[in-house]
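Data first, discussion second: the structure below is written as structure tokens.
The values are calculated or read from the model by the stated rules, or taken from the named source; none is laboratory data. Since this is a predicted model, take the numbers as computed values, not measurements. A quick note on method: Cβ atoms are made from the backbone with ideal geometry, for glycine too, and the neighbour counts reach across all protein chains shown. Protein only, heavy atoms only, side chains kept; ligands, DNA and RNA dropped before computing areas. Shrake-Rupley method; radii C 1.70, N 1.55, O 1.52, S 1.80 Å.
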Amino acid sequence: FIKQQAQQLEQRAFLGEVTATFAHEIRNPVHNISTGLQLMALKLPKDDPKQQDIDFMIQDCDRLAELIKSVLAFSKPVDYEMENVDIGQMLKHLLDRLHARITRSKVEYDLQIASNCPTVFGNLHALEQVINNLVSNALQAMEPDGGRLVIKTHPLNTPEGRQFVEISIADTGRGIPKENQVRIF
């Protein structure tokens, strides 16, 4: 039994090394792509419609860079940079980036942002990743016929006066099988 555990630990350590090497190798091309996109944006007129596409691609490069950073932090605790995040703005930007994918999936979406939501102290990239994963799961659940996706924000206040923002995501997909519900989050 101890020999088997030692073997598993060795395999995990090796997997960690391979993952770190892979992440390092990806980091440079992602950085080069981002830099190239920024140079392209500088060469185009500010009102060129391609500027928005370039901006979305740069944001995706930034997201990839954050994912790479997370992979590199695999063997050590993640040190998130915390800031005040406007959840409504974050959701709008995320859905703008995902608009083409949502449309291709034949999904209509409705974003309902409460006007009185406070900012949230958190890590923008981690929050985006969570919401991106939930939206991706919703889109997959509605394939191939499409459906409707609703994202709502709602302010919550505790009796102690603390403020929170609740984000609810609902879709018309087939739902999560009972056996998988215990593994959510």
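Just to be sure, is Thr153 under 18 Å from Lys92 (Cβ atoms) and either open to solvent by 50 Å² or more (accessible area, probe 1.4 Å) or touching a strand residue (DSSP E or B) at 6+ places or on another chain (Cβ under 9 Å) (or both)?
Spelling it out, Thr153 is indeed under 18 Å from Lys92 (Cβ atoms) and either open to solvent by 50 Å² or more (accessible area, probe 1.4 Å) or touching a strand residue (DSSP E or B) at 6+ places or on another chain (Cβ under 9 Å) (or both).
Tell me which residues, restricted to region 78-109, are without any contact (Cβ under 8 Å) to a residue 12 or more places away in the chain and not small (Gly, Ala, Ser).
Val78, Asp79, Gln89, His99, Thr103, Arg104
Could you check, for region 79-95, whether at least one of its residues is on the phi > 0 side of the Ramachandran plot and surrounded by 14 or more Cβ atoms within 10 Å (Cβ to Cβ)?
Taking every residue of region 79-95 in turn, none turns out to be on the phi > 0 side of the Ramachandran plot and surrounded by 14 or more Cβ atoms within 10 Å (Cβ to Cβ).
Sort out which residues of region 19-56 are under 14 Å from Leu72 (Cα atoms), open to solvent by 70 Å² or more (accessible area, probe 1.4 Å) and hydrophobic (A, V, I, L, M, F, W, C), and write them in order of number. It would help to see each step written out before you state the result.
Start the filter on region 19-56 by keeping residues that are under 14 Å from Leu72 (Cα atoms), which leaves 19-28.
Next cut, open to solvent by 70 Å² or more (accessible area, probe 1.4 Å) only: 21-22, 24-25, 27-28.
Phe22, the sole residue that qualifies.
Residue pairs, Cβ under 8 Å, 6 or more apart or interchain, first in region 7-22 and aliphatic (A, V, I, L, M), second open to solvent by 80 Å² or more (accessible area, probe 1.4 Å). List them.
Partner pairs satisfying both residue conditions: Ala20/Phe74; Ala20/Ser75.
Could you tell me whether Gln112 is open to solvent by less than 50 Å² (accessible area, probe 1.4 Å), on the phi < 0 side of the Ramachandran plot, among the polar types (S, T, N, Q) and in contact (Cβ under 8 Å) with a residue 40 or more places away in the chain?
No.
With Lys92, Lys69 as the choices, which residue is assigned to a helix (DSSP H, G or I), at pLDDT 95 or above and under 14 Å from the mean Cα position of the chain (by Cα)?
It is Lys92.
I want to confirm something. Restricting to region 157-177 and keeping residues that are among the hydrophobic types (A, V, I, L, M, F, W, C) and closer than 14 Å to Thr119 by Cβ, which single residue is most open to solvent (accessible area, probe 1.4 Å)? Before the answer, list the steps.
Start the filter on region 157-177 by keeping residues that are among the hydrophobic types (A, V, I, L, M, F, W, C), which leaves 164-165, 167, 169-170, 176.
Next, only the ones that are closer than 14 Å to Thr119 by Cβ stay: 164-165, 167.
On the way: Phe164: 87, Val165: 32, Ile167: 56 Å².
Going through the qualifying residues, I end up with Phe164.
Taking Ser115 and the conditions (1) among the hydroxyl-bearing types (Ser, Thr, Tyr); (2) within 25 Å of Leu67 (Cβ to Cβ); (3) outside any strand (DSSP E or B), which numbered condition does it fall short on, given that it satisfies the others?
(2)
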